[in-house]
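Quick notes on the structure that follows.
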Amino acid sequence: MEAWAGEPQPPGLNRRAVAHRAAFQNKRKTMIDESIIHRGLDGVVVDTTRISKVMPEINSLVYRGYPVQELAEHCSFEEVAWLIWNGELPNAKQLAEFQKTERSQRDISKDLLAVIQKSPRTAHPMDVLRTAVSFLGMEDGGLNHSDAITNRKRSAAMLAKIPTMVAAFYRFRKGQEFIPPRKDIGFAENFFHMVFGKVPAPEVVKAFNVSLVLYAEHGFNASTFTTRVIVSSLSDIYSGVVGGIASLKGPLHGGANEAVMHLLLEVGEPARAKEWLLTALREKRVVMGFGHRVYKSGDSRVPTMTKYMRQMADFTGNKKWLEISDILAATMIEQKNIHPNLDFPSGPAYYMMGFDIDMFTPFFVMARITGWTAHIMEQLADNRLIRPLSQYNGHAERHVVPLEKR
């Protein structure tokens, strides 16, 4: 009797069964060979959206039709948040009302503050933020209500409270007292106040505001798609956001801005930059901050953020990180024709603002909460459970051998 290589033979197996199995395996192999498997969903269009569009052919990104570079230059982050949620830029009255609402919701409960304070000081801030947003969801007693109006209010509340959560842990882990939010200053200014106890120069605030605008939305990226998958099961909006935070934490997504700064610190000096990169390429090391799944000729957000990274270098008088970045970017393009992505200039810009490196990705969350929640509400407005198929390439049907015969 023909046996299966490396597998126990079930009792009673005959040649006909073996032949049937072989035919099944051949058929399965043929199916796999002839199938087109889109690993990572590369190139797969799974739904429509009106929120943003990445146009790789012209290296452009638009939010609700507006080029992101124009929004970054001419609009506050609050204006862009309104745009992403409502489809149009606000007029003066709408913006004033929105700012008043956002500022009124910046406080977090004493219980949530205690959760953040009791988090291990060695924890990554993204883990603390993920837990804090989950706790915020538990404080919401109306999770059975998920209509558009209620979720829009929840989105605005998370936008207001997440910076407070981030700033609280920033200070607690340093043994510093919590600084409550102010309600008389803008979104970016208030965050600096809660972290450092003061509002920096307008040049610094502008650079930070630009980064928030550029990070606010970016189509069906990994974390955004995660949020949509979660709420497609009719889970609540907080669960979707918690999943987005977990996805964003990874170094192949939001965590790349942290990795970029660690890379620059490893290089250390401009004189070492070119040879460092050539060595990394020879050793086939992953160099963070370069390349993008969608953009092939350069990330459209990079020129704007690079401009403000340069302004931060001028403002601080520290040109080293800018010089290293310029050399690395030029060498990578020369050697591989691979361009930087947004994380490449944002990392050193945040570092020159005085922030700890592991706080960079939470800043991403502070911005992307707008895009995530817009996509969550769009998903729920015309929901269909997201349930893709997979191509099975495991064992063919087989039978259990009793334990005593194995």
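The values are calculated or read from the model by the stated rules, or taken from the named source; none is laboratory data. Bear in mind the structure is a predicted one, so any value in this text is a computation, not a measurement. Quick reminder, even Gly has a Cβ in these numbers, built from the backbone with ideal geometry, and neighbours come from all protein chains shown. Ligands, DNA and RNA are stripped out before the accessible areas are found, and what is left, the full protein with its side chains, is counted by its heavy atoms. Shrake-Rupley method; radii C 1.70, N 1.55, O 1.52, S 1.80 Å.
Residues checked against (1) open to solvent by less than 20 Å² (accessible area, probe 1.4 Å); (2) in contact with a Cys (Cβ under 6 Å, 6 or more places away or on another chain); (3) modelled with pLDDT of 95 or more:
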site: ARG293; (1), (2), (3): no, no, no
site: PHE315; (1), (2), (3): no, no, yes
site: TRP321; (1), (2), (3): yes, no, yes
site: ASN337; (1), (2), (3): no, no, no
site: GLY354; (1), (2), (3): no, no, yes
site: PHE363; (1), (2), (3): yes, no, yes
site: LEU380; (1), (2), (3): no, no, yes
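Filter segment 358-378 down to the residues that are farther than 17 Å from ASN86 by Cβ and touching an Asp or Glu at 6+ places or on another chain (Cβ under 8 Å) and list them by number. Listed by number, the residues that qualify are ASP358, PHE360, THR361, ARG368.
The C-beta contact set for segment 280-301 (first residue among the charged types (D, E, K, R), second residue in a helix (DSSP H, G or I) and at pLDDT below 75, distance under 6 angstrom, 6+ apart or interchain) comprises LYS296/PRO56.
Comparison of SER390, SER300 shows that the only residue that is open to solvent by 80 Å² or more (accessible area, probe 1.4 Å), of a type in the set (Gly, Ala, Ser) and at pLDDT below 95 is SER390.
Scanning segment 47-55 for any residue that is open to solvent by 50 Å² or more (accessible area, probe 1.4 Å), free of Cβ contacts under 8 Å to residues at least 60 places away in the same chain and not hydroxyl-bearing (Ser, Thr, Tyr) turns up nothing. The set of residues in segment 260-298 that are among the small types (Gly, Ala, Ser) and under 21 Å from ALA216 (Cβ atoms) comprises GLY289, GLY298. Residues in segment 105-151 that are charged (D, E, K, R) and either touching a strand residue (DSSP E or B) at 6+ places or on another chain (Cβ under 7 Å) or not in a helix (DSSP H, G or I) (or both): 6 in all. Within segment 321-340, residues that are over 11 Å from LEU278 (Cβ atoms) sit with their Cβ atoms under 7 Å from residues that are open to solvent by 60 Å² or more (accessible area, probe 1.4 Å) and outside any helix (DSSP H, G or I), at 6+ positions apart or across chains, in these pairs: HIS339/SER297. One residue alone among PRO345, PRO388 is within 26 Å of THR224 (Cβ to Cβ) and either among the acidic types (Asp, Glu) or in a helix (DSSP H, G or I) (or both), and that residue is PRO345. Just checking, does segment 206-219 include any residue being within 22 Å of THR48 (Cα to Cα) and out of contact with any strand residue (DSSP E or B) (no Cβ under 9 Å at 6 or more places or on another chain)? Yes, there is a match, as at least one residue in segment 206-219 is within 22 Å of THR48 (Cα to Cα) and out of contact with any strand residue (DSSP E or B) (no Cβ under 9 Å at 6 or more places or on another chain). Kindly evaluate PRO200 against the criterion of being surrounded by 15 or more Cβ atoms within 10 Å (Cβ to Cβ), in contact (Cβ under 8 Å) with a residue 40 or more places away in the chain and under 15 Å from LYS161 (Cα atoms). For PRO200, the condition - surrounded by 15 or more Cβ atoms within 10 Å (Cβ to Cβ), in contact (Cβ under 8 Å) with a residue 40 or more places away in the chain and under 15 Å from LYS161 (Cα atoms) - is not met.
Anything in segment 87-102 that is of a type in the set (A, V, I, L, M, F, W, C) and surrounded by 14 or more Cβ atoms within 10 Å (Cβ to Cβ)? List them, or say none. Across segment 87-102, the qualifying residues are LEU89, LEU95, PHE98.
Looking across segment 348-364, just one residue is over 20 Å from the mean Cα position of the chain (by Cα) and part of a helix (DSSP H, G or I), and that is MET352. The condition (being surrounded by 18 or more Cβ atoms within 10 Å (Cβ to Cβ) and over 24 Å from GLU177 (Cα atoms)) is satisfied by just one residue among ILE108, ILE84: ILE84.
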